[in-house]
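Heads up: the structure comes next, in structure tokens.
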Amino acid sequence: MRALPFLLVSILVAAATFGAATLVGNSYVFFAGYVVLQYIVLATAWNILGGYTGYVNFGTAAFLALGAYSSVVIHKTMPMPIPVLIVIGGLVSGIVGLGMGYLTLRLRGSFFSIATLALSVVVQTLIINWDFVGGSRGAYIVRPRTTEYFAMNYIEYLFLVMLVLSVIAVFTARCIERSRLGYGFAAIRDDEAAAEASGVPTLKLKLLATTLSGAFMGMAGAPLPYYVTYLDPASGFSLAYAVNAIAMPLIGGTASWLGPVIGAVLLGTLQQVATVTISSALNLLIVGVILVAFVIIAPNGLIGLVRGKGRGMKR
Amino acid sequence: MTAPLLSVENLGKRFGGFVALEAIHLDIAKGERVGLIGPNGSGKSTLVNCMSGTLRNETGIVRFDGRPMNGLPAHQRTRLGFARSFQLPRPFNSLSVAENLRIPIEYTVNARPAAHVPAGDIVGRCNDLLAMVGLAEKSEKMPRDLTQIEMRKLELARAMASEPKLLIADEAMAGLSHAEVDDILALLIRLNEQGVTIVMIEHIMRAVMQFSQRLVVLVAGRKIADGLPADVVRNPEVERAYLGE
Ligand SMILES: Nc1ncnc2c1ncn2[C@@H]1O[C@H](COP(=O)(O)OP(=O)(O)O)[C@@H](O)[C@H]1O
Ligand SMILES: [Mg+2]
């Protein structure tokens, strides 16, 4: 499929999703759906760096929280519409992604991952000590019941915004995959020295990946304060984000755009159901068990399982 | 006398306390066919790695096509026209055999201002290159489906795909049959006739002697001989290094 038809189909799927959610007519569907969509964006963003270039980022929560706290700052100074907040959150996290890349990309393998974890701790510490955004107490965001423009229910509006963002993220990932850039990323993932010897500017491409990946995580986080209405460091930097952003692509399959989407929908939905039926404390346990099972049984994710021994990542 | 295409001056490389290369001087003229030989562990691959930018040498200067390459990352050296194959094949394992060649075409050939392979021609180009090294049938296969010998051929094809001015083939023929060695030799000589300067690192003396216009010998990180092949193989120091092995 070419890029344009792909985009049209994605928009149709998104429209159908929104239509179906509206038909159910229960606001819980939008509440839960928002989380699943947010994970589609996070998993896709993580996969641009982790799946395509092979650099495992443990710091997803920091990038998401930077987007979320950018919105808190703006809310407290001069409130702006959510789409604008998303652009700003994306810029902030993208720039931090670029900086992190400069500082850490010389580190290979697990050392890079540990550095991302350290970054996460540093950012969290800074936020905890920043009174303006509520410090460790957190910040309250009073959101209107409806939007100004179409008098739309606010949670439905947030759902719609996240739906559009996930289409953009998935479309971007898919474009990368089929492009010269995608081949360059794959070469880096497979063998960096051989990639350099073939003319691939590995540092530049890796910086592009950390920037883009960070930016999408920040965008996913920007509407978060309006969704939760109370944001504190403990929830903004929740371990669940980092774990899910890794688990979802691995479960779906890291080699293509579809993997993170499948992983996010399955795992995200499962966690939402588990939260209602059992308890939210169980969520991470469920993710952990499924992840371990997949690493053993299906190292190339569900897509790898379906495609059999066709092309895919060697892990 | 025109300036050499490649000139290495006083190049030195250590691994910890171990001196892998010491004060290497080497000039290679445009269009030359040079054989680089030496016992295992004498530093041939390390020299290639330093020249190509894969490793950093502590001392010395490498000039290519008139410009010093010190500090240039490897990909820029490749784009300037310096190509090398790796002795131990390093294929891109998640890409098909044909796609492995797409990387240097897109990132080296198409990164140069002059040459541009249109998107529609890339696949054909990959297949032509694979046919040259005898891998035409394998283009859709994954590298893990290849034998070690086929991987060497892929390694050579990938270096050729970047349309270099200088090609260094690091033991591309190890393990090949007599007929296959002749095929690769013919291929390298054909490339050379088209204007590509070639350095061949090889243990198969029959191939080296047939191919080389000049022979360079490394022993224990030092260059001990450099000259006409017939003279070099009669050099007592070279004989000692080889017979003493
Ligand atoms: N990355 C490395 N780290 C440490 N020692 C190395 C490294 N690469 C090569 N060596 C050592 O340097 C010497 C030269 O190796 P090499 O250049 O591969 O020799 P050759 O290609 O002539 O067989 C050997 O003793 C080898 O063990
Ligand atoms: Mg060697």
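The values are calculated or read from the model by the stated rules, or taken from the named source; none is laboratory data. Small disclaimer: the values here were computed from a predicted structure and weren't measured. Positions of Cβ are backbone-derived with ideal geometry, glycine not excepted, and every protein chain shown enters the neighbour counts. Keep in mind that these areas ignore ligands, DNA and RNA; they rest on the heavy atoms of the full protein, side chains included. Shrake-Rupley method; radii C 1.70, N 1.55, O 1.52, S 1.80 Å.
Results, tabulated for the structure shown:
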item	result
Test item: A:201-207 mean partner chain Cβ contacts at 10 Å	2
Fraction of beta bridges assigned by DSSP in the protein assembly as shown that are antiparallel (%, nearest 5)	60
Interchain or long-range residues, amide H under 5 Å from B:Leu36's placed H	B:Met200, B:Ile201, B:Glu202, B:Val216
Relative counts (whole %) of C-alpha pair distances in chain A, using bins that are 20 Å wide	33, 59, 7
Rounded to the nearest 10 Å², the accessible area of B:Asp121 at probe 1.4 Å	80
Accessible heavy-atom area order of B:Thr108, A:Thr211, A:Thr125, highest first, probe of 1.4 Å	A:Thr125, A:Thr211, B:Thr108
Under 5 Å, built H, 5+ apart or other chain: amide partners of B:Leu6	B:Ile28, B:Asp65
For region A:29-39, 3J(HN,Hα) per residue [Karplus equation, 6.51 cos²θ - 1.76 cosθ + 1.60, θ = phi - 60°, Hz, x = Gly/Pro]	4, 6, 4, 6, x, 4, 5, 4, 5, 4, 6
Per residue accessible area in Å² of region A:107-161, where ligands, DNA and RNA are left out and the probe is 1.4 Å	63
Sequence ranges A:70-80, A:216-226, A:157-167, B:14-24, ranked by mean other-Cβ count within 10 angstrom, highest first	A:216-226, A:157-167, A:70-80, B:14-24
Region A:177-192 - phi-based ³J(HN,Hα) in whole Hz, Karplus 6.51/-1.76/1.60, Gly and Pro as x	4, 8, 10, 4, 4, x, 5, x, 4, 4, 5, 4, 4, 7, 6, 5
Nearest-0.05 FRET efficiency for B:Ala174 and A:Val295, computed from C-beta distance (R0 35 Å)	0.45
Ranked order, A:Thr146, A:Thr210 - accessible area, probe 1.4 Å, largest first	A:Thr146, A:Thr210
Within the accessible area of region A:91-246 (1.4 Å probe), percent carbon and sulfur	68
Heavy-atom accessible surface that A and B bury in contact, both chains counted, 1.4 Å, Å² to 100	2200
For region B:92-158: accessible area per residue (Å², 1.4 Å)	41
Surrounding net charge for B:Met209, when Lys and Arg each add one and Asp and Glu each subtract one, Cβ distance under 13 Å	+2
Distance violations [Cα-Cα > 31 Å] among A:Lys204/B:Lys223; B:Lys13/B:Lys153; A:Lys76/A:Lys204; A:Lys204/B:Lys13; B:Lys30/B:Lys141	A:Lys204/B:Lys223; A:Lys76/A:Lys204; B:Lys30/B:Lys141
Sum of -39500 (n - 2.57) over DSSP H runs of 4+, divided by residues of the protein assembly as shown (222 nm, nearest 500)	-18500 deg cm²/dmol
